[in-house]
Amino acid sequence: MLADADVRTLDRTFTEFVLTDSVRDAIGELLVASPDPVDDVDRSLAWLRVVFSALPLDVLQGILDFGRHADTAGVALVRNLPVDPQLPLTPVNGEPSALKRTFVAEGVLLGLSQLLGEPVGITTEKAGRLVHDVVPVSTGAMSQTNQSSAAFLNFHSDIVFDEFGRFDLPNPDFLVLNCLRQDRNAEAVTYYADARDVIRHLAPDVLQTLRTPLFRLNAPGSYVRDVAGGVAVLSDPIAIVSGPPATPGIVVSANGVVGLTAEAEAALAQLQQTCRAVAHKVRLERGTALLINNRKGLHARSQFLARHDGQDRWLQRTYLRRSLWDIRYRSTTADRRVH
């Protein structure tokens, strides 16, 4: 933690922000008495702009720059955030807790989110909710989904099933992960491998293969499980890496990618190996949040012990788009933020 500064660029692709105790307490005092912000989310997001104006200018600009510039870091850790005075048991089914009485965590999550973009709900992910409770679920312990705990969750992007076949286009631009409760042994590690770091370590022929549309993404595990009856649903062929070398984009499905040639399959294996070698590593704990650019890099999570007894790891997550305009074809009549 920083002793006498609020912002530190630890690496070109990793940045850290730390709130002072006085700023933490000022924001927390406003949030602890507030209702669930999801009840009137647009009104809450406007109010949270006022609340988070308490951030020091350098921190505020740093987070805004993180969200709006191509050359900034792809992942940022925010420390010393306000927390709920008390927490109920961690949900065991992946649903929101009906026992939560204060909504500091939700306010922190959406307060950080509105600095980066627009929270969006996806009809096939967490029932379209804007705030996702990410907890280990016993039936998904070995899956390549956010319910897992006993399996290494491979390096991936969060993607969205789309009937037009391009699961990489309507997906979120950013994720925010806010930690309500750390896993009991503090062993869960979140990894982030920035595409800029990855491509510097790949052989030219491997990189060229990854830049060729020789790959089909499997739809998210939640969609395959809940909608497709466990049968793989593959995207149109795409390239894994795209864009200029200085600011490349990258996309990989957690639920699997099919390479259309032997070279493509070999390149996928090399990509996962390289991600492990270059990734930033973070152990999220209570009062910390991770800002993730879902276009600039891939994230992963280690195995960790889960007992499904109410004391397991508990994160809350948002999906964010810089604008909802270009996914308006997916909009629903029930809620203009759900697509």
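The values are calculated or read from the model by the stated rules, or taken from the named source; none is laboratory data. In this text the structure is predicted, and so the values were computed from the model without any measurement. Positions of Cβ are backbone-derived with ideal geometry, glycine not excepted, and every protein chain shown enters the neighbour counts. Remember, those area values only see protein heavy atoms, side chains included, never the ligands or the DNA or RNA. Shrake-Rupley method; radii C 1.70, N 1.55, O 1.52, S 1.80 Å.
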Notebook entry, point to check: Applying the selection to the stretch 1-26, what residues are modelled with pLDDT under 95 and either under 30 Å from D335 (Cα atoms) or outside any loop (DSSP other than H, G, I, E, B) (or both)?
Noted result: V7, R8, T9, L10, D11
Notebook entry, point to check: Is it the case that the stretch 27-37 has a residue that's within 19 Å of the chain's Cα centre (by Cα) and part of a helix (DSSP H, G or I)?
Noted result: no
Check: Here are V32, V23: which of them is farther than 21 Å from V131 by Cα, open to solvent by 10 Å² or more (accessible area, probe 1.4 Å) and of a type in the set (A, V, I, L, M, F, W, C)?
Finding: V23
Checklist line | Unmet requirement for D335, which otherwise passes all of (1) in a loop (DSSP other than H, G, I, E, B); (2) over 28 Å from F164 (Cβ atoms); (3) open to solvent by 20 Å² or more (accessible area, probe 1.4 Å) | finding: (2)
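It is to be established whether one or more residues within the stretch 49-61 are touching a Phe, Trp or Tyr at 6+ places or on another chain (Cβ under 8 Å) and either part of a helix (DSSP H, G or I) or not hydroxyl-bearing (S, T, Y) (or both).
Among the residues of the stretch 49-61, at least one is touching a Phe, Trp or Tyr at 6+ places or on another chain (Cβ under 8 Å) and either part of a helix (DSSP H, G or I) or not hydroxyl-bearing (S, T, Y) (or both), which makes the answer yes.
Per-residue answers, yes or no, for (1) of a type in the set (S, T, N, Q); (2) closer than 26 Å to R307 by Cβ:
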residue	(1), (2)
L99	no, yes
L110	no, no
E118	no, no
G121	no, no
H132	no, yes
P136	no, yes
T139	yes, yes
T145	yes, yes
S149	yes, yes
Notebook entry, point to check: Based on what the data block shows, is F103 of a type in the set (A, V, I, L, M, F, W, C) and touching a Ser or Thr at 6+ places or on another chain (Cβ under 8 Å)?
Noted result: yes
Next item on the list: Scan the stretch 132-156 residue by residue and report those that are touching a Gly at 6+ places or on another chain (Cβ under 7 Å) and open to solvent by 40 Å² or more (accessible area, probe 1.4 Å).
Entry: Q144
Note to self: What's the total number of residues in the stretch 232-243 that are open to solvent by 40 Å² or more (accessible area, probe 1.4 Å), under 11 Å from V257 (Cα atoms) and small (G, A, S)?
What the structure shows: 1
Next item on the list: Evaluate the stretch 43-66: report whether one residue or more is surrounded by fewer than 19 Cβ atoms within 10 Å (Cβ to Cβ), more than 20 Å from G107 (Cα to Cα) and touching a residue at least 40 places away in the same chain (Cβ under 8 Å).
Entry: yes
Check: Which one of the conditions (1) closer than 29 Å to L48 by Cβ; (2) open to solvent by less than 20 Å² (accessible area, probe 1.4 Å); (3) under 15 Å from the mean Cα position of the chain (by Cα) does G128 fail to meet, given that it meets all the rest?
Finding: (3)
Checklist line | Where I159 falls short, out of the listed (1) crowded, with 19+ Cβ neighbours inside 10 Å; (2) at pLDDT 95 or above; (3) more than 19 Å from the chain's Cα centre (by Cα) | finding: (3)
Next item on the list: Output the number of residues of the stretch 244-272 satisfying the condition of being of a type outside the set (S, T, Y), under 23 Å from Y192 (Cβ atoms), at pLDDT 95 or above and open to solvent by less than 40 Å² (accessible area, probe 1.4 Å).
Entry: 9
Notebook entry, point to check: Is it true that some residue in the stretch 34-56 is in contact with a strand residue (DSSP E or B) (Cβ under 9 Å, 6 or more places away or on another chain) and farther than 23 Å from Y319 by Cβ?
Noted result: yes
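Part of a helix (DSSP H, G or I), over 21 Å from G287 (Cα atoms) and either open to solvent by less than 10 Å² (accessible area, probe 1.4 Å) or in contact (Cβ under 8 Å) with a residue 24 or more places away in the chain (or both) - does that describe any residue in the stretch 166-185?
For the stretch 166-185, residues part of a helix (DSSP H, G or I), over 21 Å from G287 (Cα atoms) and either open to solvent by less than 10 Å² (accessible area, probe 1.4 Å) or in contact (Cβ under 8 Å) with a residue 24 or more places away in the chain (or both): absent.
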Check: Does the stretch 273-292 hold any residues that are open to solvent by 60 Å² or more (accessible area, probe 1.4 Å) and either in a loop (DSSP other than H, G, I, E, B) or touching a Ser or Thr at 6+ places or on another chain (Cβ under 9 Å) (or both), and which are they?
Finding: K281, R283, E285, R286
Margin query: I need a count of the residues in the stretch 292-331 that are touching a Cys at 6+ places or on another chain (Cβ under 9 Å) and of a type in the set (S, T, N, Q).
Written below: 1
Item checked: Identity of the residue in the stretch 202-231, within 18 Å of I122 (Cα to Cα), touching a residue at least 60 places away in the same chain (Cβ under 8 Å) and open to solvent by less than 70 Å² (accessible area, probe 1.4 Å), that ends up nearest to the chain's Cα centre (by Cα) -> P220
Next item on the list: Could you please let me know if Q303 is part of a helix (DSSP H, G or I) and among the polar types (S, T, N, Q)?
Entry: no
